[in-house]
């Protein structure tokens, strides 16, 4: 690799001191306009780039942030990534992205990696496998700005960007009830994280408020750990086998819902005539499948933007040795009515 | 932000010299086992992390690479990102990701940003708007390892990971011919980049080899610059208006194909009875829509892995001041037959 051009080379070429070159590039008043012009011209000709590592040692800033997400190939998360990058770039920050594959072990290792890279802050959405939070508390103990989004841990004292999952799930279930469903199942995904718990609680509350019986046998867990198309297919098969009186399902991710719909279509079960379905997240796909999927719109891009904005605020405060009280930012969701419900 | 623990603090705590601490952590033979153990224990207690910036100044490595892609929320590109990150992590590299939004100006700015961040190498898929390549030649002139994938520029002398777009498009068109289509249109996307050109040429060649008339009026360009669902809808409308004798379309991206299919479904045009459709890329969505979409499978994850592997080879060579002859790595594609063709 060609050696990077240094201040010294510019100085040698012009026959002036390194200090003069450095001051000229920083626009110090004690350097003549003529010299400044000459230095800038030479720097450009030689393709000089300031050494950010050297700069970083001085300012203790890397101007990079780390992002750990469970999965990249996922409509919601790729929207979040897009939002974070867009906002970070505006403020001159670069984003290092890591994928935890829903693994607690990997998530822990990746946090260490980001810390040793001296990122200025970290944004994270937890792996489904994460039930111990000491790795996150370590980050906070080191006063490194940390923001969680979507899959959070309530007990960790940092800022969070979330939606009101309980309210959204309530809205989804209420819609099934309002459109005539009498026996409503729930595909809840994994036991953890918090959003899975909250969506389940919202579903349960809606049933209770409408004087409908809550039947734990109608709550289907995700056995494989990832919320996949196949999980939707498998749970749909089981449901048809065990509870063919079910006439509505609230499913906690669109991808799983689409898997279930594919299975119902295959078995000749009519949606919404036989079973109504509400998904969660509003993947693009939800609008183009047949029938189109009623779902909860989860604002991924906005969540990404909000998460970076909060992180940036905390990075700025940390530079001044100030601490910021953790904030919980809750974004709005909406029910998108389509053809999978009556 | 809490100051990072330094070698000096460890030295002070133990009452030994900074040099001794540094040597102990690096396992030098002239330091006793007992001291090494003590230093490691203290480093752990104080939560010492080696300062990578300082390390970087010495080794001139940042252990980060840059990735510039046109769009993140895109099934193919998110698979590529996943492949790059997976492979990079294996080799201890972190990946900074930037999105050019198909803009040449932004792409140029982002390359500068990555260079000033002193990444060890760069992987890029070009924006549709890029027709001038001096920003890429600058990177090569500075001997910074550079690998292009998918949307490449043939004239830029760096390694490339591609598929044989011409062959794949030929295969797609031949399938339409083999299943009885007599008048085949092509939605080609933008005039640039290279893969758009090659897919068009593959389509044309297949018609010629089968003694079918090539009619330029049946080639629909993308007017908006991005290959979107809406573009598919708009082109489908135009096609129905102008050429209702068309009985097959080869469309150069699944998302556009799905837009077109949605419009055909809306207007009561039967797929594949009235019009057969072949897409390109094999997005997940292609398998779940009705009818399911026949398409070309483009191995995004493998492309990402191959791109990082090649970059890593070039980074290693560059460290030894060696240069590597640019390679063109061509990955296999396959036709996935589904229900949108007869």
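Details
- In the stretch B:172-187, the residues that are touching a helix residue (DSSP H, G or I) at 6+ places or on another chain (Cβ under 8 Å) and either within 12 Å of residue B:126 (Cβ to Cβ) or surrounded by fewer than 22 Cβ atoms within 10 Å (Cβ to Cβ) (or both): B:174, B:177, B:183
- Unmet requirement for residue A:91, which otherwise passes all of (1) touching a helix residue (DSSP H, G or I) at 6+ places or on another chain (Cβ under 7 Å); (2) buried (at least 19 other Cβ atoms within 10 Å of the Cβ); (3) over 19 Å from residue B:63 (Cβ atoms): (2)
- In the stretch A:188-212, the residues that are outside the structural domain of residue A:222 (by TED's automatic domain parsing) never reach a residue that is surrounded by fewer than 21 Cβ atoms within 10 Å (Cβ to Cβ) and not in a helix (DSSP H, G or I) with C-beta atoms less than 8 angstrom apart, at least six apart or across chains.
- Residue within the stretch B:78-92 that is facing chain A (nearest Cβ under 9 Å), within 20 Å of residue A:93 (Cβ to Cβ) and within 17 Å of the chain's Cα centre (by Cα) present: yes
- Residues satisfying the stated conditions in the stretch B:128-171, i.e. surrounded by fewer than 20 Cβ atoms within 10 Å (Cβ to Cβ) and within 14 Å of chain A (Cβ to nearest Cβ): B:134, B:135, B:137, B:138, B:140, B:141, B:142, B:143
- Whether a residue is in contact (Cβ under 8 Å) with a residue 12 or more places away in the chain and under 14 Å from residue B:151 (Cα atoms) was assessed, and residue B:100 passes this test.
- Boolean, residue B:5 is within 30 Å of residue A:285 (Cβ to Cβ), modelled with pLDDT under 90 and not in a helix (DSSP H, G or I): no
- For the stretch A:266-289, a residue qualifies if it is over 16 Å from residue A:232 (Cα atoms) and within 10 Å of another protein chain (Cβ to nearest Cβ), and the qualifying residues are A:284, A:287, A:288.
- Some residue of the stretch B:46-62 being at pLDDT 90 or above, touching a helix residue (DSSP H, G or I) at 6+ places or on another chain (Cβ under 6 Å) and within 10 Å of chain A (Cβ to nearest Cβ): no
- Test set (1) without any contact (Cβ under 8 Å) to a residue 40 or more places away in the chain; (2) touching a helix residue (DSSP H, G or I) at 6+ places or on another chain (Cβ under 6 Å); (3) assigned by TED's automatic domain parsing to the domain that holds residue B:73 - residue B:324 fails condition number: (1)
- Residue match in the stretch B:283-295 (condition: surrounded by fewer than 22 Cβ atoms within 10 Å (Cβ to Cβ), under 14 Å from residue B:335 (Cβ atoms) and touching a residue at least 60 places away in the same chain (Cβ under 8 Å)): no
- The criterion of at least 1 residues that are modelled with pLDDT of 95 or more is met by the following strands (runs of 3 or more DSSP E) wholly inside the stretch B:94-200: B:122-124, B:146-149, B:159-163, B:184-189.
- Any hit, the stretch A:212-223, residues being assigned to a helix (DSSP H, G or I), surrounded by 16 or more Cβ atoms within 10 Å (Cβ to Cβ) and away from chain B (no Cβ under 13 Å): yes
Every residue, every condition in (1) surrounded by fewer than 22 Cβ atoms within 10 Å (Cβ to Cβ); (2) in a loop (DSSP other than H, G, I, E, B), yes or no:
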position: A:230; (1), (2): yes, no
position: A:236; (1), (2): no, no
position: A:246; (1), (2): yes, yes
position: A:249; (1), (2): no, no
position: A:256; (1), (2): no, no
position: A:262; (1), (2): yes, no
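- Qualifying residue in the stretch A:101-110 (condition: within 12 Å of another protein chain (Cβ to nearest Cβ), within 25 Å of residue A:163 (Cα to Cα) and in contact with a strand residue (DSSP E or B) (Cβ under 8 Å, 6 or more places away or on another chain)): no
- Hey, residue B:31 crowded, with 23+ Cβ neighbours inside 10 Å and either more than 10 Å from chain A (Cβ to nearest Cβ) or touching a strand residue (DSSP E or B) at 6+ places or on another chain (Cβ under 9 Å) (or both) or not: no
- The stretch A:22-48 residues that are in a helix (DSSP H, G or I), paired with ones that are surrounded by fewer than 12 Cβ atoms within 10 Å (Cβ to Cβ) (beta carbon under 7 Å, 6 or more apart): A:23/A:30; A:36/A:27
The values are calculated or read from the model by the stated rules, or taken from the named source; none is laboratory data. This one's a predicted model, so the numbers in the text were calculated from it and none came from an experiment. For neighbour counting, all protein chains shown are included, and Cβ atoms are generated from backbone atoms with ideal geometry for every residue, glycine included.
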